[in-house]
1. In the stretch 46-58, what residues are more than 21 Å from Arg326 (Cα to Cα) and buried (at least 19 other Cβ atoms within 10 Å of the Cβ)?
2. Residues Ala191, Ala153: which one is touching a residue at least 12 places away in the same chain (Cβ under 8 Å), within 16 Å of ligand 2 (Cβ to nearest atom) and assigned to a loop (DSSP other than H, G, I, E, B)?
3. How about the stretch 355-381: which of its residues are touching a His at 6+ places or on another chain (Cβ under 9 Å), of a type in the set (Gly, Ala, Ser) and under 18 Å from Ala214 (Cβ atoms)?
4. Identify all residues within the stretch 253-272 that are assigned to a loop (DSSP other than H, G, I, E, B), in contact (Cβ under 8 Å) with a residue 40 or more places away in the chain and not small (Gly, Ala, Ser); write none if there are none.
5. When the residues of the stretch 106-133 are narrowed to those that are surrounded by fewer than 16 Cβ atoms within 10 Å (Cβ to Cβ) and of a type in the set (Val, Ile, Thr), which ends up farthest from ligand 1 (Cβ to nearest atom)?
6. Considering each of Arg112, Arg60 in turn, give the residue that is within 29 Å of Phe427 (Cβ to Cβ), of a type in the set (Lys, Arg) and not assigned by TED's automatic domain parsing to the domain that holds Ile323.
7. Collect the residues in the stretch 400-447 that are part of a loop (DSSP other than H, G, I, E, B), surrounded by fewer than 18 Cβ atoms within 10 Å (Cβ to Cβ), at pLDDT below 95 and within 26 Å of the chain's Cα centre (by Cα), keeping them in residue-number order.
Amino acid sequence: MTIIDRSAEPLTVYRRSWGDEEVFLTEMDRIFGHCWQFLAHDSEIPDPGDYVTRKMGRDRVIVARGEDGEIRVFLNTCRHRGVPLCRADEGNSSHYRCSYHGWTYTNTGELRGVTYQPDVYGKNFDKSKFSLFEPAQVDSVCGLIFATWDPEAPTLADYLGDAAWYLQAIVGKFDGGMEVAGTPVRNIVRANWKTEGENLSGDGYHTMITHATALELGLFATPKDLEKLSDVVNPRFTGRTVDCGNGHTVRAQRLPVEVEGRKFWGYPEDMWEQFERNLTPEQADLMSCLSVNHGSIFPNMSFIENFKTNVDGPDLHARYIRITIRYPISATHSEQVWFFLQPRNADPEWCRLSSLAYLRTNGPSGMFELDDTENFVGISEASVGDYARTKPVDYLGGLHHKLTPPEVGWPGRVVDGDRTEHTLRAFHRRWNELMKVDEAATPSIEV
Ligand code: FES
Ligand SMILES: [Fe+2]
């Protein structure tokens with residue numbers, strides 16, 4: 001799929017995008033009806049019969065590993081009268097039995113049992129016509145399971161495009177892969193589903209303001225911390241932001257130090273060799289001296305690889321990897337799900353430190369999350385007014401930033417600039433392409 005590269009041009013979005021129910025319903029059809037959506041990590045359903053319940057847009061789905069070992073996704077609704085079949089967040093079952101009239105399905109989706117069938121439907125009732133509904137396509141990359149309702153959608157590999165290179169650098173660098181630690185945490189947020197995706201697409205601009213208290217508490221590296229790592233500490237953090245195409249984005253911030261060779265701080269040194277082996281040199285450069293790395297996979301998945309520093313010890317602490325998805329509920333409400341991933345076979349003490357760092361910062365109750373959510377709620381609340389909804393929000397930051405030289409070898413449209421809005425523009429431009437908004441009738445965006 002080709003998109004027009006216009007991320008270096010100014011962009012205006014109208015505030016109704018964050019609070020208008022008509023816009024929201026159009027999004028459900030034109031975006032969530034067609035895009036690939038992240039559902040689960042395959043470590044959550046390792047054995048035959050395992051399932052988790054998730055959502056695609058507003059639709060409830062079951063992500064299941066069948067008796068045959070295959071991963072399938074089913075609409076979580078009985079073919080008879082529509083009662084949900086699985087009500088728990090997770091479980092293991094060879095069959096799903098409906099609580100209303102007892103129709104029973106295999107975990108491969110076939111209708112197997114119909115209560116009082118000869119009496120109610122006759123002996124010749126064709127159960128094969130009542131298998132569970134499934135998305136048009138299901139696929140995975142690096143253990144991350146996605147699905148789409150659209151049979152015409154490109155393959156997952158084509159949909160992710162250049163973003164797959166960055167996902168692989170984050171979750172694909174460990175011998176033995178990664179696993180989701182614990183059950184993902186869910187929370188209803190009084191904010192439009194796009195607010196966090198836009199922020200994590202590459203908003204480095206807010207960090208020192210929104211998270212000022214976290215800074216004061218020492219949750220970020222201070223120059224003193226960095227002096228332990230290098231004799232040469234620069235005055236400011238540097239980084240790059242990437243428009244990967246299709247609305248997918250990445251921001252990578254580098255610690256402001258000069259060192260010889262590649263350093264994967266935040267991970268035990270005995271893991272560094274596997275990163276060099278499992279990553280290309282260019283991906284390893286991305287991970288070297290990393291401060292924070294985050295991005296969004298359009299429409300509603302985001303990831304972050306981060307660490308906190310120096311609250312309860314002299315050394316840089318364990319890094320952590322987190323994925324979030326935001327299920328749309330209404331124009332002003334969404335449900336957020338946090339996935340905490342850890343490398344399999346990692347040192348248990350390092351895993352404990354990684355968990356603590358996650359919980360204090362980017363975990364569901366972490367300081368960064370609380371800071372950010374207050375802004376996201378505010379955007380939605382301030383965008384529903386009849387006057388405000390007609391007013392623009394301008395995305396002008398970083399228009400003057402330079403493209404990174406191609407020799408660096410990172411895919412996508414890479415910009416040398418840590419505080420830029422070009423990835424935010426990429427997110428909203430993709431939204432506009434899919435919405436095919438009639439500008440004259442319903443102005444939501446100017447392109
Ligand atoms: S609604 Fe499921 S068996 Fe009737
Ligand atoms: Fe933030």
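The values are calculated or read from the model by the stated rules, or taken from the named source; none is laboratory data. Keep in mind that what you see is a predicted model, and the values were worked out from it rather than measured. No Cβ is skipped: glycine too gets one built from the backbone with ideal geometry, and neighbour counts run over all protein chains shown.
1. Taking the stretch 46-58 as the starting set, the residues that turn out to be more than 21 Å from Arg326 (Cα to Cα) are 46-50.
Matches in the stretch 46-58: Asp50 only.
2. Numbers: Ala153 fails: within 16 Å of ligand 2 (Cβ to nearest atom).
Among Ala191, Ala153, only Ala191 is touching a residue at least 12 places away in the same chain (Cβ under 8 Å), within 16 Å of ligand 2 (Cβ to nearest atom) and assigned to a loop (DSSP other than H, G, I, E, B).
3. Passing the criteria: only Ala357.
4. Quick first cut of the stretch 253-272, residues assigned to a loop (DSSP other than H, G, I, E, B) only: 255-256, 259-268.
This time we only want the ones that are in contact (Cβ under 8 Å) with a residue 40 or more places away in the chain, so: 265-268.
Correct list: Trp265, Tyr267, Pro268.
5. Residue satisfying both the conditions and the ranking: Val120.
6. Values: Arg112 fails: within 29 Å of Phe427 (Cβ to Cβ).
Result of the check over Arg112, Arg60: Arg60.
7. Across the stretch 400-447, the qualifying residues are Lys436, Val447.
Residues are listed down the side, and each one gets a yes or a no for (1) basic (Lys, Arg); (2) within 15 Å of ligand 2 (Cβ to nearest atom); (3) touching a strand residue (DSSP E or B) at 6+ places or on another chain (Cβ under 8 Å):
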residue	(1), (2), (3)
Ala212	no, yes, no
Leu215	no, yes, no
Lys224	yes, no, no
Glu227	no, no, yes
Ser230	no, no, yes
Asn234	no, no, yes
Arg240	yes, no, yes
Asn246	no, no, no
